[in-house]
Structures are given as structure tokens and as C-alpha cells.
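Participant: Once you've had a glance at the structure underneath, I'll fire off some questions.
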Amino acid sequence: MKRVIIGLSGGVDSSVAAYILKEQGYEVIGLFMKNWHDDSVTISDECPWLDDSNDAMLVADKLGIPFQTVDLSEQYKERIVDYMFNEYEKGRTPNPDVLCNREIKFDVFMKIALELGADYVATGHYCRKGTVNKNGEEVYQLLAGVDGNKDQSYFLCQLSQDQLAKSLFPIGELTKPEVREIAAKLDLVTADKKDSQGLCFIGKVKLPDFLQQQLKPKEGVIVEVSKNNSKFNKEDIQFNSKEEELVYLSRKMNFTEEDGKVVGKHQGAHYFTKGQRKGLGVGGTVEPLFVIDTNVDDNIIYTGQGKAHPGIYKTALFIDNEELHWVRPDLKLENGNSMQVMARIRYRQTLEKATLYKVESGLYIEFENPQSAIAEGQFAAWYLEDELVGSGVIS
């Protein structure tokens, strides 16, 4: 009887995952991760982790499995929260959920589970694990969840072969309605519970309020750049190589205040991200303003009217070698090689046709269609059919 320790979050997905594992004959232990307890930054008066841990305990009780809480708040602050502040300060847009899976759930938590004698760690993610045999060795696959609407493989895009080897995803073959139905039949307290929103484990927070704890407000100007600005002219440039073209297509636009007109003020460029519309507080334009770029050094936000503004779109991005990760190391591209894939730059985005190009310094992804709001610091992930094979941080 193999032992599985499941991260019981107090939500419906992990509750049903625990039930399925028990039905499959595993010895199941529920562990609740307490990762955050600074309630000063949550929007509502609720104390999310307390409610969640109570719900997790009630589910464990109902399913008849042992339950305990483990406090990982120190590691969470160090590896996730500090990283977030650091990234925003640099004018990048981090993805704490991807990081939380790599650093907390499948690293710190997994080590604790294995010390407790677990054979596997399980979570309530909507994704699947597969295996292929390559040269007599078992290679693990990270596959999309059956429910296309809820597929969460993107959030696990940084997992390694070692982490996948010890992971189980019991609800990957189910759809969300099916999961809720099972929970209702079992009369679990989490059956109708809303999905958690906001930052992984912190709950609903106003991001600027959260960031203001460490990144001080600093007044700067909002500049509106016209879509007719000469910088957006696609002049016919002759490139000497494919790499030269990719460098051009993935470049960061260098705007200056002279490229537009000042239309408002803001309290800190580091609170904003590319493609953002809310929080600018500028009215009187024909179409709403969207952030097309930020400059944290000069503390200027550059904006453009309408979501079709050319400043929001790019067809290529670059990932530095240090930020490049292959879930399937056996499929890794060698320098000078390319690969046709389907890729996404954010969770829930539909997969887009793209080509990977491996160069000396890293990897370029060129999309067939222009992509909106490619933000530095976010993760790009690429797939072969329904298998996520690699990912990296956008440079």
C-alpha cells in the first residue's frame, strides 16, 4: 500500500483528489500548507488561510484520513514574496503561481512529504502525468488536463523529471463539473466553495497595496503614445540572418517622453504591467488607455489608446539560457536547431502556433500571429500536442 501525501488546500479540487486516491487503494495523508498569515494586505476581512485550513480538516475527517498543518510561511516569504517584490522593482511581471509550484509545493512540501515516508505527493491540479520509454529509461510527461477550460499544466511548467516522478494528479482526467458532482455526492463542505482567486496562498489582495509594503509610492508621469508614431513603422529592413531578425522582432521598444504627450500622473511605474488598463485614472480619451511599456528607471508609464494599439503587440520573445527549462530534457534543442510547437505566454491563453529557435545565448519563440502584452518576467510554455515539454522566463 503506497503512501501518498496530498496538499489539502481547503478547496474542492484537492478534496476530491484525496477521495480518488483513497478509492484507488493508497494510504492517504492530508497536509495543509500554511504559507501566509499577514492579513493586513487582503482585500476582504476574511482570514483566508484559517477558513481554508478548517475546511481541509473537515474534509480529511469526512474521508477518514489523517490530517496535519505545516507552516511554510518563512520559505514562502523568502522564495516567493521577496522574489515578487524584487521582480516588480525591476519593472518585470512575475508569476508567483508558477514559482509557488516549483519552489514550495513540489520542493519544500515534497521534501517534507518524503521525510514522512511518502511514495508520492498529490495535488488537485487539472493536469495529467504520462510516461514514455526512451532507450530503456522511463521518461515522465506533463500532459494537459482533460478539461480544456481548467487545464493547469501551465502552472507546473517548471517541474523537473525528479519532481514529476514523485507526483500524482488524480483529477486530471475529470472536468470541473464532474469534480463538483463527486464532492456534492460525498457531501463535502467544499462542494460549492468558490475557486480561490488572487495570489497563490495569499488570497485576494490589491496588488498595489501589497507591493506598497516594500515598494514606496513615487510620483511620475503617464505618457500617451500615438499609434501613428514612427517607431511602429514596419520599415523593410534587410536582415543578414534569422537570428538578426529575431533580435529585432523581440526587442524592447525604447520610448522617451518626447514620443508622446503627458496625460496624467501615477504613483509608481513598478506597480504597472504591460497590457494593463485598470488603475491609470486617465479619462477623456476616445478609447481606453492601455499600458504599452513602463520605465522604472525614469518612472514613466507609456500608454496607447485601444487594445489594438501596435505598442501592445509583438511576434517574438527571447528566453535567456539561465531561465530556460525543459520538462523533457531528452527533447532539448541544440544550438542552430528549431522546433514547431504550440505555445502560450499566460495561463488560460489559447495555445498559439510558434517556432522555437535555439541560439548560443538562449531561445527565441516566434509566433505565427502577433501576441498581446508579452511581459518580461512572465513564463512562456510550449507544447507538442497536449504535452508541455518546456518553459522559460521572458527576458
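Participant: Starting from residues that are under 16 Å from Asp162 (Cβ atoms) and basic (Lys, Arg), keep the ones in the stretch 97-133 and report whichever is surrounded by the most Cβ atoms within 10 Å (Cβ to Cβ).
Facilitator: Lys105
Participant: If I filter the stretch 379-392 for residues that are in contact with a Phe, Trp or Tyr (Cβ under 8 Å, 6 or more places away or on another chain), in contact (Cβ under 8 Å) with a residue 12 or more places away in the chain, assigned to a strand (DSSP E or B) and surrounded by fewer than 20 Cβ atoms within 10 Å (Cβ to Cβ), do I get at least one hit?
Facilitator: Applying the first criterion (in contact with a Phe, Trp or Tyr (Cβ under 8 Å, 6 or more places away or on another chain)) to the stretch 379-392 yields 379, 381, 388-392.
Of the ones still in play, those that are also in contact (Cβ under 8 Å) with a residue 12 or more places away in the chain are 379, 381, 388-392.
Next cut, assigned to a strand (DSSP E or B) only: 379, 381, 388-392.
Then keep just the ones that are surrounded by fewer than 20 Cβ atoms within 10 Å (Cβ to Cβ); that gives none.
No: zero hits.
Participant: Looking for something closer than 21 Å to Gly145 by Cα, in the same structural domain as Ala118 (by TED's automatic domain parsing), at pLDDT 90 or above and assigned to a helix (DSSP H, G or I) - is there at least one such residue anywhere in the stretch 42-55?
Facilitator: no
Participant: Residues in the stretch 253-269 that are within 30 Å of Lys358 (Cβ to Cβ) and either surrounded by 12 or more Cβ atoms within 10 Å (Cβ to Cβ) or touching a Leu at 6+ places or on another chain (Cβ under 8 Å) (or both): how many?
Facilitator: So in the stretch 253-269, the residues within 30 Å of Lys358 (Cβ to Cβ) come out as 253-254.
With either surrounded by 12 or more Cβ atoms within 10 Å (Cβ to Cβ) or touching a Leu at 6+ places or on another chain (Cβ under 8 Å) (or both) added as a condition, the list becomes 253.
Of the residues in the stretch 253-269, 1 are within 30 Å of Lys358 (Cβ to Cβ) and either surrounded by 12 or more Cβ atoms within 10 Å (Cβ to Cβ) or touching a Leu at 6+ places or on another chain (Cβ under 8 Å) (or both).
Participant: Could you say which residue among Ile319, Ile292 is touching a Gly at 6+ places or on another chain (Cβ under 9 Å), assigned by TED's automatic domain parsing to the domain that holds Val389 and of a type in the set (A, V, I, L, M)?
Facilitator: Only one candidate passes the filter, namely Ile319.
Rundown of residues vs (1) more than 23 Å from His270 (Cβ to Cβ); (2) of a type outside the set (Phe, Trp, Tyr); (3) touching a helix residue (DSSP H, G or I) at 6+ places or on another chain (Cβ under 9 Å), yes/no style:
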{"residue": "Lys314", "(1), (2), (3)": "no, yes, yes"}
{"residue": "Glu323", "(1), (2), (3)": "no, yes, no"}
{"residue": "Leu333", "(1), (2), (3)": "yes, yes, no"}
{"residue": "Ser338", "(1), (2), (3)": "yes, yes, yes"}
{"residue": "Ala343", "(1), (2), (3)": "yes, yes, no"}
{"residue": "Glu352", "(1), (2), (3)": "yes, yes, no"}
{"residue": "Tyr357", "(1), (2), (3)": "yes, no, yes"}
{"residue": "Ala375", "(1), (2), (3)": "no, yes, no"}
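Participant: Shifting gears a bit: Which one is farthest from Gly392 (Cα to Cα) among residues in the stretch 359-375 that are in a strand (DSSP E or B) and among the small types (Gly, Ala, Ser)?
Facilitator: Looking only at the stretch 359-375, we keep the residues that are in a strand (DSSP E or B), and these are 359, 362-372.
Within this subset, residues satisfying the condition of being among the small types (Gly, Ala, Ser) are 362, 372.
Working: Gly362: 10, Ser372: 18 Å.
By that ranking, first place goes to Ser372.
Participant: Sticking with this structure for a sec: Determine, yes or no, whether Lys227 is more than 21 Å from Gly91 (Cα to Cα) and not assigned by TED's automatic domain parsing to the domain that holds Gly91. Give the derivation first.
Facilitator: Details: more than 21 Å from Gly91 (Cα to Cα): yes; not assigned by TED's automatic domain parsing to the domain that holds Gly91: yes.
In short, yes.
Participant: Would you be able to tell me the number of residues in the stretch 311-358 that are in a strand (DSSP E or B), under 30 Å from Phe290 (Cβ atoms) and without any contact (Cβ under 8 Å) to a residue 24 or more places away in the chain?
Facilitator: 3
Participant: With Phe239, Phe201 as the choices, which residue is aromatic (Phe, Trp, Tyr), touching a helix residue (DSSP H, G or I) at 6+ places or on another chain (Cβ under 7 Å) and at pLDDT below 85? Spell out how you get there, then give the answer.
Facilitator: Numbers: Phe239 fails: at pLDDT below 85.
Answer to the check: Phe201.
Participant: Any residue in the stretch 237-261 that's at negative phi: show its pairings with residues that are of a type outside the set (S, T, N, Q) and in a helix (DSSP H, G or I) at Cβ separation under 6 Å, as long as the two are six or more apart or on different chains.
Facilitator: Phe239/Glu245
Participant: Could we say that Ser160 is among the polar types (S, T, N, Q) and at pLDDT 95 or above here?
Facilitator: On the way: among the polar types (S, T, N, Q): yes; at pLDDT 95 or above: yes.
Here the answer is yes, as Ser160 does meet what is asked.
Participant: Which ranges mark the strands (runs of 3 or more DSSP E) fully within the stretch 208-304 that have 3 or more residues being under 25 Å from the mean Cα position of the chain (by Cα) and among the β-branched types (Val, Ile, Thr)?
Facilitator: Numbers: elements: 220-225, 260-266, 289-295.
Qualifying strands (runs of 3 or more DSSP E): 289-295.
Participant: Do any helices (runs of 4 or more DSSP H) lying entirely in the stretch 59-109 carry at least 3 residues that are assigned by TED's automatic domain parsing to the domain that holds Gly11 and not polar (S, T, N, Q), and which ones are they? Before the answer, list the steps.
Facilitator: Working: elements: 73-76, 82-89, 96-100.
Because the criterion is at least 3 residues that are assigned by TED's automatic domain parsing to the domain that holds Gly11 and not polar (S, T, N, Q), the helices (runs of 4 or more DSSP H) in the stretch 59-109 that meet it are 82-89, 96-100.
Participant: Among the residues in the stretch 237-246, are any of a type in the set (Asp, Glu) and within 19 Å of Asn369 (Cβ to Cβ)?
Facilitator: Yes - at least one qualifying residue is present in the stretch 237-246.
Participant: Residues of the stretch 293-310 being out of contact with any Ser or Thr (no Cβ under 6 Å at 6 or more places or on another chain) and within 18 Å of Arg92 (Cβ to Cβ), which ones?
Facilitator: Asp293, Thr294, Asn295, Val296, Asp297, Asp298, Asn299, Ile300, Tyr302, listed by residue number.
Participant: Please go through (1) in contact (Cβ under 8 Å) with a residue 40 or more places away in the chain; (2) surrounded by 15 or more Cβ atoms within 10 Å (Cβ to Cβ); (3) under 27 Å from Gln371 (Cβ atoms) for Leu215 and return the number of the only condition it doesn't satisfy.
Facilitator: (3)
Participant: Something else now. Restricting attention to the stretch 345-356, which residues are touching an Asp or Glu at 6+ places or on another chain (Cβ under 7 Å) and either surrounded by 20 or more Cβ atoms within 10 Å (Cβ to Cβ) or among the basic types (Lys, Arg) (or both)?
Facilitator: Scanning the stretch 345-356 gives Lys353, Ala354.
The values are calculated or read from the model by the stated rules, or taken from the named source; none is laboratory data. In this text the structure is predicted, and so the values were computed from the model without any measurement. Cβ atoms come from the backbone with ideal geometry, glycine included; neighbour counts cover every protein chain shown.
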